[in-house]
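Read-outs: derived from the displayed coordinates by stated rules, not from any lab. Since the model is a prediction, treat every value here as computed from it, not as a measurement. Note that each Cβ is placed from the backbone with ideal geometry, even for glycine, and that neighbours are counted across all protein chains shown.
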Amino acid sequence: MGDDTIPTKLTELAWDDNYILAKQLGLKEDPNSSSGYEILNNNDVNFWILEFKSEKVYGPFDEDNFVKKRDELGISTSLKLRKIEDIK
């Protein structure tokens, strides 16, 4: 069985009683640092779906395939991803 964690930086989340939806950005080396420091890579975007009941993790997806899988699973379009900093 694979690793059931979402790597790197989560930037957006949504959840209900059945699913967690997540948007994740990868990291890249900071060109202004010589110490190996990494910064967000806005060109490395993945989406994930976690299903509570089955404990399945779907992803990583690009945005189009995320929408397709979301539709396939019957996840309501009213469940909207929100920026982490806006969730309180």
- Item | Exposure proxy ranking, count of Cβ atoms within 10 Å, fewest first, for Thr77, Thr8 | Thr77, Thr8
- Note on the structure: Residues whose modelled amide H sits under 5 Å from the amide H of Tyr19, counting only those 5 or more places away in sequence or on another chain, are Phe52
- Task: Using just the helices of the chain, give the 222 nm mean residue ellipticity in deg cm²/dmol: DSSP H runs with n ≥ 4 each add -39,500 (n - 2.57), and the total is spread over all residues, rounded to 500.
- Result: -3500 deg cm²/dmol
- For Lys88, the lysines lying under 23 Å Cα to Cα, once residues fewer than eight places off in the same chain are dropped, come out as Lys9, Lys23, Lys80
- Task: Report, in degrees rounded to the nearest 10, the 0 to 90 angle that the Cα long axis of helix 63-72 makes with the longest principal axis of the chain.
- Result: 20 degrees
- Low-density loop chymotrypsin sites (Phe, Trp or Tyr not before Pro), the chain, at most 16 other Cβ within 10 Å, DSSP non-H/G/I/E/B, are Tyr37, Phe52
- Message: As I understand it, the dipole of segment 9-86 uses +1 on the Cβ of Lys and Arg and -1 on the Cβ of Asp and Glu, about the Cα centre. Which of Leu21, Ile75, Leu10 lies farthest toward its positive end?
- Response: Ile75
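Nearest 20 debye, what's the magnitude of the dipole of segment 23-88 about its Cα centre given +1 on Lys and Arg Cβ and -1 on Asp and Glu Cβ?
In debye, rounded to 20, segment 23-88 gives about 380.
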